[in-house]
Amino acid sequence: MISPFSRLCALFPLVTAAALWHALPAAAQPARPAQVTWRTDYNTARKEAQDKGLPLLVVVGTEDCFYCRKLEAGPLKDPALAPLLATGYIPLKLDARRTPELAKALKVQLYPTTVLAGPDGKIHCFIEGYVETERLAEQMKRTVTAVATADWAARDFNEASKALAASDYPRAVTLLKGITKDAGDKPVGVKAKQILGDVEKVAAGKLAQAKQLEQRGQTQEAMDALAEAVRTYAGTRAASDAALALAGLNDRPEVLQQRRLRVARDMLAVARDDFRTGRLYDCMQKCEQIAAAYSELPEAKDATSLLAEIRGNPERLAKACDQMNDRTAAMYMALADSWSKKGQDTEAEVCLKKVVALCPNTRHADLAQAELTKIQSKTNPAVPAGLVRP
């Protein structure tokens, strides 16, 4: 037989409005005393608590109990307690003689008995006898805080589970760490700690694989594995260790040399593609950079040879010059436009004249001449026909 009170486990935790009550400024709180509506039927109150996600405040007493009447006339009607009681709880009064099974299930031995229970059915406070307002208020606030904490922890745990399913380990680790820190020994905190440990083990395995690659002399493969561990398992201890190991490998002379070789090879490959597609000016620029920055590498010799092929061929060199002039003209056009926007037409005019001289009979020259005409028309207005200046 399931006791009536055990059915409270079916309630789902939600953040209660009472958690925000005391954060409101005094001016924002209602001037009228909060109206507390007491429930008297257990099943109705239980359903309401489940629907609203609010904790229950259950007062068990009898009609002829002196201290029950004192509690009802005093603390339970205190204006200081009414707002929290009205908005943060489902308040329920039970007559032990009319609901003996429930009183027995709660193991009530003294009247009145006040029970504060979370929506998950967990009893947070069990107060026997009369209780003063201050103590009751303190216990009620603690229960509200505990319920709110359980709610955000459950929400974050759910989000962490989704992140793990999507292999978003950095987000999952961040959420799980927050839960283990604030939820402590609560079930959700224990579970979060367990899952966090599992993620750490996986990350540690990736780190071990990277170290094995390094021991076999596969330095580049080890660096790639370490970088992946840092990126994929950010936030774990293994990721931090992988970052340190990666930094150590990056400082090795042979690794620096390998990196230089890779960059030189990549630049040479792009330069050869520029040569093949006719972008000769770009090809020359890259070859000059390779020859200057990587003179000790074989790629520098290849770049110099490619550069000689362009310079030794008048047609190719002429094409490269035209491409250079076209790019320079575009830069001067942009500079002229910048000067014009600042109202400095003289400087803009100088730039436009350079474009006309640099690229005659080209699209850039035509555009530059059109802009020159506009500027000159502003500085030299037309003289009306038939009139002569004095």
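Tabulated data for the structure shown
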item	result
Unique residue being closer than 22 Å to ALA148 by Cα, part of a helix (DSSP H, G or I), open to solvent by less than 80 Å² (accessible area, probe 1.4 Å) and out of contact with any strand residue (DSSP E or B) (no Cβ under 6 Å at 6 or more places or on another chain) when the list is GLU200, GLU159	GLU159
When residues of region 105-142 are limited to those that are outside any loop (DSSP other than H, G, I, E, B) and among the acidic types (Asp, Glu), the one surrounded by the most Cβ atoms within 10 Å (Cβ to Cβ)	GLU128
Test: residue in region 174-194 that is within 30 Å of ALA80 (Cα to Cα), free of Cβ contacts under 8 Å to residues at least 40 places away in the same chain and of a type in the set (Gly, Ala, Ser)	yes
Residues located in region 176-190, provided they are open to solvent by 30 Å² or more (accessible area, probe 1.4 Å) and either touching a Ser or Thr at 6+ places or on another chain (Cβ under 9 Å) or aromatic (Phe, Trp, Tyr) (or both)	ASP182, LYS186, VAL190
Which listed residue, of ALA227, ALA222, ALA239, is part of a helix (DSSP H, G or I), hydrophobic (A, V, I, L, M, F, W, C), closer than 21 Å to LEU175 by Cα and touching a helix residue (DSSP H, G or I) at 6+ places or on another chain (Cβ under 7 Å)	ALA239
Top-ranked residue in region 81-104 [being part of a helix (DSSP H, G or I), in contact (Cβ under 8 Å) with a residue 40 or more places away in the chain and within 17 Å of THR40 (Cβ to Cβ); ranked as most open to solvent (accessible area, probe 1.4 Å)]	GLU101
Residue under evaluation GLY278, criteria (1) in a helix (DSSP H, G or I); (2) touching a residue at least 24 places away in the same chain (Cβ under 8 Å), criterion not met	(1)
Residue identified as more than 30 Å from GLU254 (Cβ to Cβ), part of a helix (DSSP H, G or I), β-branched (Val, Ile, Thr) and in contact with an Asp or Glu (Cβ under 8 Å, 6 or more places away or on another chain) among ILE195, ILE179	ILE179
Among residues of region 311-339, those that are open to solvent by less than 60 Å² (accessible area, probe 1.4 Å) and among the hydroxyl-bearing types (Ser, Thr, Tyr), counted	2
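For (1) open to solvent by 50 Å² or more (accessible area, probe 1.4 Å); (2) assigned to a helix (DSSP H, G or I), each residue gets a yes or a no:
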| site | (1), (2) |
| --- | --- |
| ARG260 | yes, yes |
| VAL270 | yes, yes |
| ASP282 | no, yes |
| GLU299 | no, yes |
| GLU309 | yes, yes |
| GLY343 | yes, no |
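The values are calculated or read from the model by the stated rules, or taken from the named source; none is laboratory data. Since the structure is predicted, the reported quantities are computational estimates derived from the model, not experimental observations. As a convention, Cβ positions derive from the backbone with ideal geometry for all residues, glycine included, and neighbour counts pool all protein chains shown. Calculation scope for accessible area: heavy atoms of the full protein, side chains included, ligands and nucleic acids excluded. Shrake-Rupley method; radii C 1.70, N 1.55, O 1.52, S 1.80 Å.
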